[in-house]
Each structure stands twice: as C-alpha cells, then as structure tokens.
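Take a look at the structure below.
The values are calculated or read from the model by the stated rules, or taken from the named source; none is laboratory data. Note that the coordinates shown come from a computational prediction; the quantities given were computed from them, not determined experimentally. Cβ atoms come from the backbone with ideal geometry, glycine included; neighbour counts cover every protein chain shown.
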Amino acid sequence: MKDKDKTRDQLLSEVEQLRQQMAELEGKESMSRQAESRLRENEEKYRSLVDSTEDSIYLIDRDYRYLFMNKKHLTRLGLLGDQFFGQPYKKY
C-alpha cells in the first residue's frame, strides 16, 4: 500500500514502530561499543601479562607453524620481531 493511501493513524503507527526499532538499534550499538571496550582492556591485560612473564609462551597451529611468541621466547631463541611467523616448529 502506498503512503498516500494510508490513514493518518496507520502512518503514525508506522512512525512509532520505526522509532522503537531505532531505539533498539541504538541500544545494541551501545552494547557493542561497551563489549569492544572491554575486549580491548582484556587484550591489553593479556598482552602485558604474556610479555612480562619470565616463561616462554608461544602458539603453533595444527601444522606446527609458529603463530605467536612472547618476548621471552623470542629472546631465548635470539629472534627479533615477527620473523618466526609461519615458520615450522622444528626450525627453532
């Protein structure tokens, strides 16, 4: 049905529905921003913990290729930066 064929009450009802949908979307957007903020905070805490430990921490994939090494593990292996990324576990 075209807008010009709708009654005033029908149009007002549609406007109210759209306002409610906008309010819901704004609420979801706010929740999403809060979740992203918490995720960043947790990521910073994790990174700080992993980089400050005296233990070697590393991550390999199913094919035994390095995905991550903390600073201590890099130092123990004498590596710099991310030159290890994708390299086989046996290489080091």
All conditions in (1) of a type in the set (S, T, N, Q); (2) within 17 Å of the chain's Cα centre (by Cα); (3) in the same structural domain as Lys91 (by TED's automatic domain parsing) are true of Asn70 except (2)
Going through segment 62-82 in order, the residues found to be in a loop (DSSP other than H, G, I, E, B) and either surrounded by 11 or more Cβ atoms within 10 Å (Cβ to Cβ) or of a type in the set (Ser, Thr, Tyr) (or both) are Tyr64, Asn70, Leu79, Asp82
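Take the residues in segment 1-59 that are more than 19 Å from the chain's Cα centre (by Cα) and within 30 Å of His73 (Cβ to Cβ), then tell me which one is surrounded by the fewest Cβ atoms within 10 Å (Cβ to Cβ). Break it down into steps so the answer makes sense when it comes.
Our first condition is that a residue be more than 19 Å from the chain's Cα centre (by Cα); within segment 1-59, this holds for 1-27, 51-58.
From what is left, the residues that are within 30 Å of His73 (Cβ to Cβ) are 51-58.
On the way: Asp51: 11, Ser52: 10, Thr53: 13, Glu54: 5, Asp55: 8, Ser56: 14, Ile57: 14, Tyr58: 16.
Across segment 1-59, the extreme among qualifying residues is Glu54.
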